[in-house]
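J.: Take a look at the following structure, please.
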Amino acid sequence: MVEVLVIALVAVLCAGALYTASAARVIRQYERGVVLRLGRLRDDVRLPGLTLVVPGLDRLRKVNMQIVTMPVPAQDGITRDNVTVRVDAVIYFKVVDPTSAVIAVEDYRFAVSQMAQTSLRSIIGKSDLDDLLSNREKLNQGLEVMIDSPAVSWGVQIDRVEIKDVSLPETMKRSMARQAEADRERRARVINADAELQASKKLAQAAGEMSAQPAALQLRLLQTVVAVAAEKNSTLVLPFPVELLRFLERAQQPAAETGHGEPDAPPAPAVPADLLGPAAPPAPPTPSAAPAPARNTPSVPSSSSDADAPTEPAVPSSSEQPFAHH
């Protein structure tokens, strides 16, 4: 009799152990358990730790409460300014209501992924290319609102949405590169022109200061010579000051004002008589011709300047000069 009781007790203990093993469930700290008994939802949500369910009657669904990082596949779209782009993103979300995540939607991960893709395409069509490239914060906020609106009823909270990359066609990249290069060239020219304007103003001020102090120009010239000589060059370029030319020009003007006009021509050299040939017989004078005055008649000086001028030697007339034999 005692042996039968012992055997029965051992059998009960074994059955209890088997039942406990089949009914025991372990829920981790970052999970929550939703129990469905005969297809009906139990009101209580199982917390982390050891929990028991009825084998064969209860079905436990564990829901992860961690933040899930889900990449959104790249979507092709046309922006509002008719530019074809390819945009991909990443979405961060977590489950805040495990019961709704199990009951309200079949697969909340797939639902959030599809909603993110459609919302991303909608954002691409409503935005310009410049907004996609430079104003991503605003687009991220708009995309988060579009995804979070239906996800609230699924027990899912959208934590953050980020646009990762915007791929452009090669032709658009080349056009944007040329535009950026032209803009940089324009800014470089404007900066260079502004620098030239400021330099011209400073040079004008320096010229005014040097005109007030002529010695400053000489000091500047010496500084330039020292700077050139410091490079150990074999050739020294020495600038010739323009003021020296002006000084020489002013010095020549008084000398020209005190002169007596143009200088006289040098006297003609006398021809020796032995070099001349025998004189030709003079031509008979015509009765109607008046006697020509002699060329060697001295003229009366009219002024003191004429008296100071050297007198030309008397040159015999053509009738008195003998013809040379060649």
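J.: Using a 1.4 angstrom probe on the protein heavy atoms only, line up R187, R136, R46 by accessible area, largest first. Before the final figure, lay out each step's value.
T.: Numbers: R187 120, R136 70, R46 30 Å².
The ranking, largest first, comes out as R187, R136, R46.
J.: What is the distance, in nm, between label points placed 7 Å from the Cα along the Cα-to-Cβ direction at E249 and at L217?
T.: 1.2
J.: Where nothing but the Cβ of Lys and Arg (+1) and of Asp and Glu (-1) is charged, how large is the charge dipole of the stretch 27-70 around its Cα centre, in debye to the nearest 20?
T.: On the way: 9 positive and 4 negative charges, 20 e Å.
That gives a dipole near 100 debye.
J.: Mind checking the dipole of the stretch 32-139: about its Cα centre, +1 per Lys or Arg Cβ, -1 per Asp or Glu Cβ, Debye to the nearest 20? If you can, show how the numbers build up before the last one.
T.: Numbers: 16 positive and 13 negative charges, 120 e Å.
Charge dipole, the stretch 32-139, about its Cα centre: 580 debye, nearest 20.
J.: Could you sort K138, K232 by their accessible area in this structure, using a 1.4 Å probe and putting the largest first?
T.: Values: K138 140, K232 185 Å².
In descending accessible area the options line up as K232, K138.
J.: How much length would be gained if the chain were fully extended between R28 and E209, taking 0.36 nm per residue of separation minus their Cα-Cα distance, in nm to one decimal?
T.: Going from the current span to full extension adds 56.5 nm.
J.: Can you send over the solvent-accessible area of L50, 1.4 Å probe, protein chains only, in Å² to the nearest 10?
T.: Answer for L50: close to 130 Å² accessible.
J.: Which order do the peptides 79-91, 58-70 take when ranked by the mean count of other beta-carbon atoms within 10 Å per residue, highest first? Walk me through the intermediate numbers first.
T.: Details: 79-91: 16.5, 58-70: 14.6.
Answer by packing, highest mean first, reads 79-91, 58-70.
J.: Just going by the charge dipole of the stretch 137-214, with Lys and Arg at +1 and Asp and Glu at -1 on Cβ, which of M172, W154, G208 is farthest out on the positive end?
T.: G208
J.: Could you put Y30, Y108, Y19 in order of accessible surface area, largest first, with the 1.4 Å probe and the full protein assembly present? All intermediate terms of the calculation are to be shown ahead of the outcome.
T.: On the way: Y30 85, Y108 30, Y19 120 Å².
Result, largest first: Y19, Y30, Y108.
J.: Moving to a separate point now. Name the residue from T79, M115, T51 whose Cα lies farthest towards the positive end of the charge dipole of the stretch 1-127, charges +1 on Cβ of Lys and Arg and -1 on Cβ of Asp and Glu.
T.: Highest projection toward the positive end goes to T79.
J.: May I pose another question? Calculate, in nm to one decimal, what R187 and K94 gain on full extension: separation in residues at 0.36 nm each, minus their alpha carbon distance. Let's see the in-between values first.
T.: Numbers: separation 93, 0.36 × 93 = 33.48 nm, distance 4.87 nm.
Between R187 and K94, full extension yields an extra 28.6 nm.
J.: Quick one: 3J(HN,Hα) in Hz for the stretch 197-214, Karplus 6.51/-1.76/1.60 with θ = phi - 60°, rounded, Gly and Pro as x.
T.: Per residue, the Karplus-derived 3J(HN,Hα) values read 5, 5, 5, 5, 5, 5, 5, 5, 5, 5, 5, x, 5, 6, 5, 6, 10, x Hz.
J.: In addition: Relative to the present Cα-Cα distance, how much length would full extension add between I7 and K232 at 0.36 nm per residue of separation? Before the final figure, lay out each step's value.
T.: Values: separation 225, 0.36 × 225 = 81.00 nm, distance 11.60 nm.
Result for the pair: 69.4 nm of gain on full extension.
J.: Over 24 Å between C-alpha atoms is what I'm after, so list which of K138/K164; K94/K138; K126/K173; K62/K164 land there.
T.: Working: K138/K164 14 Å; K94/K138 22 Å; K126/K173 21 Å; K62/K164 31 Å.
Exceeds cut-off: K62/K164.
J.: Express in % the proportion of alpha carbon pairs of the stretch 110-242 at distances exceeding 21 Å.
T.: Numbers: 6100 of 8778 pairs.
Tail of P(r) above 21 Å: 69 percent of Cα pairs.
J.: Also, I was wondering about something else. If r is the Cβ-Cβ distance from K138 to I78 and R0 is 30 Å, what FRET efficiency results, to the nearest 0.05?
T.: E(calc), rounded to 0.05, equals 0.95.
J.: Just read off the accessible area of D165 with the full protein assembly in place, 1.4 Å probe, to the nearest 10 Å².
T.: Looks like 80 Å² after rounding.
J.: Roughly how many Å² of E196 are accessible to a 1.4 Å probe, to the nearest 10?
T.: Approximately 120 Å² for this residue.
The values are calculated or read from the model by the stated rules, or taken from the named source; none is laboratory data. What you see is a predicted model, and the numbers here were worked out from it, not measured in a lab. Every residue, glycine as well, gets a Cβ built from its backbone with ideal geometry; the counts of neighbours run over all protein chains shown. Remember, those area values only see protein heavy atoms, side chains included, never the ligands or the DNA or RNA. Shrake-Rupley method; radii C 1.70, N 1.55, O 1.52, S 1.80 Å.
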